[in-house]
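The values are calculated or read from the model by the stated rules, or taken from the named source; none is laboratory data. Since the structure is predicted, the reported quantities are computational estimates derived from the model, not experimental observations. Every residue, glycine as well, gets a Cβ built from its backbone with ideal geometry; the counts of neighbours run over all protein chains shown. Keep in mind that these areas ignore ligands, DNA and RNA; they rest on the heavy atoms of the full protein, side chains included. Shrake-Rupley method; radii C 1.70, N 1.55, O 1.52, S 1.80 Å.
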Amino acid sequence: MLQEPSRNRFAEALIFVIIKKMGRKRSFHRGGPGKKKRKRRNLVEINEKAKKHMQKELEKKKLQAQRLECVLDKSAPQQHHSFQPESSESEEETSVYDELLSSLRGGERTEENEDSEADDDTDEEADIEEEFAVREMERRDGDVSGEEIQSDRKEQYERQVKDEGDDDNEDDDNEDNDDVGDIDGVDDEVEKDFEEEQESDEDVEDDNDGDDYDDDDDGDIENQQNNKDPFFLRVNTDLPEKDVEELKTKKLEKVSDLKWRTLGQLILSSSCKSRLSIPDITKDRDYLKLHIRKRLFDQWPSVNKECLVGDRSEIFSPLQRELFSIMNNYMDLVYTEETHENSQEIRKVYCLHVINHVVKTRNTVLKHNSSLSSNPAVDSEDFRDQGLTRPKALFIVPFRHSVVQLVQTIIDLLLPKGGQHVSHKKRFSEEYGDKYAGKVDPKKPEDWQKTFAGNIDDHFKIGISLSKKSLKLYTPFYQSDIIIASPLGLRTIIGSKGDKQQDYDFLSSLEILVMDQTDIFLMQNWEHVLHILDYMHLQPKDSHGVDFSRVRMWALNGWSKFFRQTLLFSHLSCPEIKAVVNKHCKNFAGLVSVTNPTIDGAICQVATQLQQVFHRMKVDSFISDADERFKFFTTKILPRYKDALLKGTVIFIPSYFDYVRVRNYFRREGLNFCQVCEYSSSSEVSRVKQYMAKGSRHFLLYTERFHFFQRILLRGLHHIIFYQLPTYPHFYSEFCNMLQNPNEASDITCCILYSKYDTQRMARVVGMKRFTQMLQSPKDVHMLISGEND
């Protein structure tokens, strides 16, 4: 029986509890009927599941603690009880009631001292967030179980949902009929994000128990293949100091040439010739010999069936097989013959290689985690399998619709169609999908329609993490396995030197870099690409919770850039791309470049009977090329076209800086001209079209970037001056075919300026054979007439 004081304390405590529960009940029902009741019921169910998982996890923790204690002390584990009831029942209950009363009275005194109930909620939430952060740090160190963290997350989400329900009562009446706002609705995101985090945590816990990502792989066969797998041979390579010094100091040097059936002419280059190996075309069809995870290999036929023509029993197309033979050896690859026809083949094969690499990395980490958990006495120095940060692969693409294609390929490779679980898929479809799909202007050229078919926004970034049974989108970069971004999207995160907020640590341990449609970056802003490459593999400013005992030694030594594979795909080759390759491709395995000469050139596509005069300038250095070009144009070319008979002359200028320089000169000279560039408005473009069609302007200044994005059709053009040949060779034939003969007295003309530094542009326009003859000729002026061979 309870003593009299104990009974009084019990009654007093019971009153306080009832009052508290009544207050909670009123705040709970204050929101009214609607979705939030159902959400709270769902949270209750989630709470019950979390408790079950927590009990299971606590039992595992106790067992692991006992095993660890046995290993360290080499003796039987001792039981330590934090509370042993030695006092009487009344004393025990009295102590419990005292604690309850003191806590409740303390809460009451706090409420009386505070100005409002909102301040208390804010402090409570801050305490919960602080405790949650501490528990997250402890969880990284292995002190707190995942279920305890999950329970804290659940309580935080419950509190957030409750507070939001108390803030606005009017929104509750509208939520029953609102089924669209899953992205913008905070309440929907709270429940959805919590459930997805719970599923992700369960996957991680299952993985930590020892389950491999590919459950159907044979472990013995896999261990035998590890000795031959290029992935394990690469990550376990120990570079000697001599090789590292060569990679740091020496430039890329040509080692040998190869000629393959589909790719054509290949050039092998390396800064460390002792590490270079000659690749062979693989002819295997077995996933073990190809070193592809069986899970991916089983999905590959359905993913790649559209790219196979003829024999359906083949695994790869001829182009894919040769590209994969290079990728799978972890050599850098520069392929500058990408087209709209083969872009799908290329995208699928490099996605297969990247996902295969990421899955192998993840499986290695999970197996090592299982080994360490089962045998805590093992030295973790033998299990180095990570980098300084988690992201392993980076895709740089120009437009959002490119991200849609990449993500869909990754989903099809990883997850079977019947059981795809992708978090935030609806949000991804809304942000990256194209609501104007199928409404492409049919008057535009075919290549323009394919390039700009879809969402062409160029400011984006998204993180992707892989788990055992699902794929998560929009994960933070430091919790992502793969990052897909545009140059502008990454530049805004990295920032510039001197900015207060700079974040580039996620680039420190990248193992694969894929740059697709690299030529489009030239039309956007090439400086962003150079800026991103400069910030790769720098020493992180923060540890980001990494376990340094698990970090590979070459990552700790700052040699990550020598272990990064770069895959660069472009529609054309140019000096800017070559400069990036020479400076930033330091892979110790070497570099393979596809270099096939241009045979005919874009001049063969000119349908108009036209005299094309090529003027060669004498330039001493690349630095003086811009000044010598401007001087040659203003003194020798422009005076001839000031004649009134040569009205309707368009001056095509690829560089915006040269465009500004020529425009300012025309203004100073008071010439009759109009202008259009990538920054011109629609009304300005319309006026320019009218000016040229009516013949009211003598000159038109026109930039290549504007033509790339707009591809307008101009009328009233009779003469054209190429201040420099265009980057894209088909622009040359397009403008030549725009020229119209006004009358019989005046012929249409075409004038081209070039120097020895325009070798690639000239070869793409006139063909390698003609350009070789022009270079060897002592004359500085050459004329070619369309329709003739020479």
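For the reader, a short list of remarks on this structure follows.
- Portion, in percent, of the accessible area of region 561-602 that falls on carbon or sulfur, probe 1.4 Å: 58
- Heavy-atom surface analysis with a 1.4 Å probe gives region 386-536 a carbon and sulfur content of 49 percent of its accessible area.
- Size of charge dipole - region 689-790 - debye, nearest 20, with Cβ of Lys, Arg +1 and Asp, Glu -1, no other charges: 380
- Average accessible surface area per residue within region 308-449, 1.4 Å rolling probe, Å²: 40
- Three-way shape label, region 331-419, alpha-carbon gyration tensor, a/c 1.5: prolate
- Members of LYS56/LYS469; LYS248/LYS283; LYS631/LYS779 lying beyond 25 Å, as alpha-carbon distances in this model show: LYS248/LYS283
- Contact order for region 271-373, expressed relative to its length and based on alpha carbon pairs under 8 Å spaced 6+ residues apart, stands at 29 percent.
- Viscosity 1.002 mPa s, 20 °C: Kirkwood-radius Stokes-Einstein D of region 649-722 over Cα pairs, µm²/s: 174
- Note on SER621 and ARG668: the model spin-label points, each 7 Å out from Cα along the C-beta direction, lie 2.4 nm apart.
- Sequence-distant residues sharing a close amide H with GLN675 (under 5 Å, placed H): LEU701
- Heavy-atom accessible surface of region 537-690, averaged per residue, reaches 49 Å², computed with a 1.4 Å probe.
- Translational D in µm²/s for region 235-342 (Stokes-Einstein at 10 °C, 1.306 mPa s, Kirkwood Rh from C-alpha pairs): 98
- FRET efficiency, VAL255 to MET783 (Cβ-Cβ, R0 60 Å, nearest 0.05): 0.90
- Three-way shape call for region 618-662 based on the alpha-carbon gyration tensor, with the a/c threshold at 1.5: oblate
- Sites ILE599 and ASP643 - FRET efficiency at Förster radius 45 Å, r taken between beta-carbons, to 0.05: 0.75
- Modelled spin labels at LYS60 and ILE456, positioned 7 Å past Cα toward Cβ, are 5.1 nm from each other.
- Distance between the pseudo-spin-label points of THR759 and THR237 (7 Å out from Cα toward the beta carbon): 2.9 nm.
- Reducing region 664-694 and region 374-424 to their Cα centroids gives an inter-centroid distance of 50 Å.
- Taken as Cα centroids, region 590-649 and region 428-507 sit 36 Å apart, rounded to the nearest whole angstrom.
- By the compact-protein rule of thumb, 2.2 N^0.38 Å, the alpha-carbon radius of gyration of region 578-676 corresponds to a ratio of 1.52.
- Full extension of the chain segment joining ASP229 with HIS730 gains 176.0 nm, where the gain is 0.36 nm per residue of separation less the Cα-Cα distance.
- The residue among LEU533, PHE562, SER549 whose Cα reaches farthest toward the positive pole of the charge dipole of region 472-585, with charges on the beta-carbon of Lys, Arg, Asp and Glu, is SER549.
- Estimated FRET transfer efficiency when R0 is 35 angstrom, pair SER370-ARG285 (beta carbons, to 0.05): 0.65
- Above-threshold pairs, the threshold being 28 Å between Cα atoms, out of LYS461/LYS561; LYS62/LYS468; LYS60/LYS426; LYS228/LYS472; LYS578/LYS769: LYS60/LYS426; LYS228/LYS472
- Among the protein heavy atoms of region 283-384, carbon and sulfur supply 48% of the accessible surface, probe 1.4 Å, non-protein parts ignored.
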